[in-house]
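The values are calculated or read from the model by the stated rules, or taken from the named source; none is laboratory data. As the structure is a prediction and not an experimental result, all values here were calculated from the model. Cβ placement follows ideal geometry from the backbone for every residue including glycine, while neighbour counts extend to all protein chains displayed.
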Amino acid sequence: MASSIVITGVNKTFPTPSGAVVALKDITLEIKAGEFVCLLGPSGCGKSTLLNAVAGFSLPEQGRITVNGQPVTQPGPDRGMVFQEYALFPWMTVAQNVGFGLEIKGLPKADIRSRVNALLKLLKLSEFGERFPRDLSGGMRQRVAIARILALDSPILLMDEPFGALDALTRRSLQDELLRIWSELGKTVLFVTHSIEESIFLADRIVVMTYRPGTIKRDIAVHLPRPRDSSAPEFNQLKRELSELVASEQARHEAAERLALTTD
Amino acid sequence: MNEGIQRFKGVMLILGVLALWEAVGLFGWVNAKVLPPPHAVAIKWWEYLSPQQPYDADSGSRLSWLLSGELIQDAMGSLYRVLAGFVVGTLLALPIGLVMGASRAAYQLCNPLLQILRPIPPIAYIPLSILWFGLGNPPAIFLIAIGAFFPVLMNTIAGVRAVDGIFLRAARNLGASRTTIFLRVILPASTPYILTGMRIGIGTAFIVVIVAEMIAVNNGLGFRILEAREYFWSDKIIAGMLSIGLIGLAIDQAMSQLNNHLLRWHRGLEH
Ligand SMILES: Nc1ncnc2c1ncn2[C@@H]1O[C@H](COP(=O)(O)OP(=O)(O)OP(=O)(O)O)[C@@H](O)[C@H]1O
Ligand SMILES: [Mg+2]
């Protein structure tokens, strides 16, 4: 069921009025079928850009991305994406949003309804099925976006800070739920986060990125047994190590920005 | 509570204006032939509204008798033309607008022509419409269709172009086909703009119908107030004008209801 993702030598630049921004430079990354990989890095380092490239929305100008050996040329429901901006359809109710992917697949109405209800229950949204997204809080919208992708049952999940807007408690329970879905259904997950702790809690591998150009700084395998205990010494050892990496990258990024400001 | 007071003040203002208007006639400040007092307008209005013949069971039902008054006949004639022209104009504008909004090539192809035609007021088509369609309903409907066409078209184009790309990406990610994206994403996402265009369009249609009736048709509210002028019936002119105002208000209210219903998902809309 799971699929592998192979990213080789990918470059992506964005033209802007103040010159080209190198969002991704020479990214090479192999994600094995069934692996859970977290992308960690400062804001603006190209995490969303990389996810968009794998999803097939914006193809890289150099390099290749393959999924199960097939080059990525366009988006598709085999790579379900949870967008950083949620991207819920405001004119559809919560239940319609969650069921839209199944409707597109042509499932019978009754099947859609039962599957949507199960997902709403899973994400504690049962009472909100008939509401429109505008009536929901940020965290609830985020859960709808997650439900919409889980409904697709895609072998690959691309998740762009999916738990960013949630309170600590909900976040923990959804992390557990995601791990359960991932291990039971054998998904491949590429997960963007700002939280070092979240990445250690979830990932098989943590990929730390650098800021402008966006490159891979470190690729760290996490060997801790699951379920992971955030008070374990190994957990904290890794957390310190990652904090230092991210902090040094943050400092470099801030220095670069100061430089850019003074030369402008 | 507060709202009740506001509404009360609004009603008081209307009554005040009516009183002033009545006073103008009462004290002979203005000749009643030029500006008849409100009570005279009201009497004329009732006359205009009432059936002209006494009820006769042989010639039809009571309802059709009740609706046989001149005002009602005129209003129905005007409304029919507005709706027919509006439907024609909208049905032409919507698909063209959707295609022009979604396709850059179509936009670049059609836009220059559109920019040339758009500033021509629908009223300027009157001579041509009479040459082409003669007198009666056809030229009026043609003019109204033109009046409704451009606002709906321009707003539809703007609406489609304003659709946030993130929705298209989300839909493609879910595996939606082009048709599905068009019908389930682009169309609903642009309804706020389309409905605005329709609201402007029906307003224009209502202006155009009055003018068209003054020139090319021999019934309807526009025809009636012009006819009344020939006999110096200023009370009937004003009664006709107020009827036009009330019907315009009713149409706008109906559009606004439709708007609220179709956009109940929309942010910032209170219902
Ligand atoms: N469409 C675009 N046009 C121009 N520049 C862009 C575009 N998209 C992204 N960028 C630039 O590319 C860089 C990477 O952006 P990206 O959104 O991938 O960052 P990110 O790592 O996801 O950041 P965050 O954590 O804040 O979401 C940024 O510097 C951004 O300014
Ligand atoms: Mg991002």
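Residues in the stretch A:144-171 that are at pLDDT 90 or above and more than 16 Å from the chain's Cα centre (by Cα): A:Ala151 only. Every condition in (1) away from every other protein chain (no Cβ under 11 Å); (2) assigned to a loop (DSSP other than H, G, I, E, B); (3) closer than 30 Å to B:Phe182 by Cβ; (4) within 13 Å of ligand 1 (Cβ to nearest atom) is met by A:Phe57 except one, and the failing one is (1).
Using the structure shown, decide if A:Ile196 is within 16 Å of ligand 1 (Cβ to nearest atom) and either surrounded by 15 or more Cβ atoms within 10 Å (Cβ to Cβ) or of a type in the set (Phe, Trp, Tyr) (or both).
Yes: the conditions hold for A:Ile196.
When the helices (runs of 4 or more DSSP H) confined to the stretch B:122-177 are screened for residues that are more than 14 Å from chain A (Cβ to nearest Cβ), farther than 23 Å from B:Met76 by Cβ and not small (Gly, Ala, Ser), those reaching at least 2 such residues are found at B:126-133, B:137-161.
When you check A:Gly63 against the structure, is it touching a Gly at 6+ places or on another chain (Cβ under 8 Å), more than 12 Å from B:Phe167 (Cα to Cα) and away from chain B (no Cβ under 13 Å), yes or no? So A:Gly63 fits the description; yes. Checking each residue in the stretch A:42-51 for being in a loop (DSSP other than H, G, I, E, B) and more than 6 Å from ligand 1 (Cβ to nearest atom) picks out only A:Pro42.
Look at (1) modelled with pLDDT of 90 or more; (2) within 16 Å of ligand 2 (Cβ to nearest atom); (3) in a loop (DSSP other than H, G, I, E, B); (4) not acidic (Asp, Glu) and you find that A:Arg131 fails only one, number (2). With respect to the conditions (1) closer than 20 Å to A:Arg212 by Cβ; (2) within 16 Å of ligand 2 (Cβ to nearest atom); (3) not in a loop (DSSP other than H, G, I, E, B), A:Gly63 falls short on a single one, namely (2). Scanning the stretch A:1-21 for residues that are within 16 Å of ligand 2 (Cβ to nearest atom) and either surrounded by 14 or more Cβ atoms within 10 Å (Cβ to Cβ) or on the phi > 0 side of the Ramachandran plot (or both) returns A:Lys12, A:Val21. Taking first residues from the stretch A:22-49 that are under 17 Å from A:Ile196 (Cα atoms) and partners that are more than 10 Å from ligand 2 (Cβ to nearest atom) and of a type in the set (Lys, Arg), the Cβ contacts under 7 Å between residues at least 6 apart in sequence or on separate chains come to A:Val37/A:Arg205. Taken together, the residues in the stretch A:79-96 that are more than 16 Å from ligand 2 (Cβ to nearest atom), under 19 Å from the mean Cα position of the chain (by Cα) and either under 30 Å from B:Arg264 (Cβ atoms) or modelled with pLDDT under 90 (or both) amount to 2. When each of B:Arg199, B:Arg224 is tested for being closer than 24 Å to B:Ile120 by Cβ, away from every other protein chain (no Cβ under 14 Å) and in contact (Cβ under 8 Å) with a residue 24 or more places away in the chain, the lone residue that passes is B:Arg199.
All conditions but one from (1) in a helix (DSSP H, G or I); (2) within 26 Å of the chain's Cα centre (by Cα) apply to B:Ile5; the one that does not is (2). Filtering the stretch A:73-123 to residues that are touching a strand residue (DSSP E or B) at 6+ places or on another chain (Cβ under 7 Å), among the hydrophobic types (A, V, I, L, M, F, W, C), within 8 Å of chain B (Cβ to nearest Cβ) and not in a loop (DSSP other than H, G, I, E, B) leaves only A:Met81.
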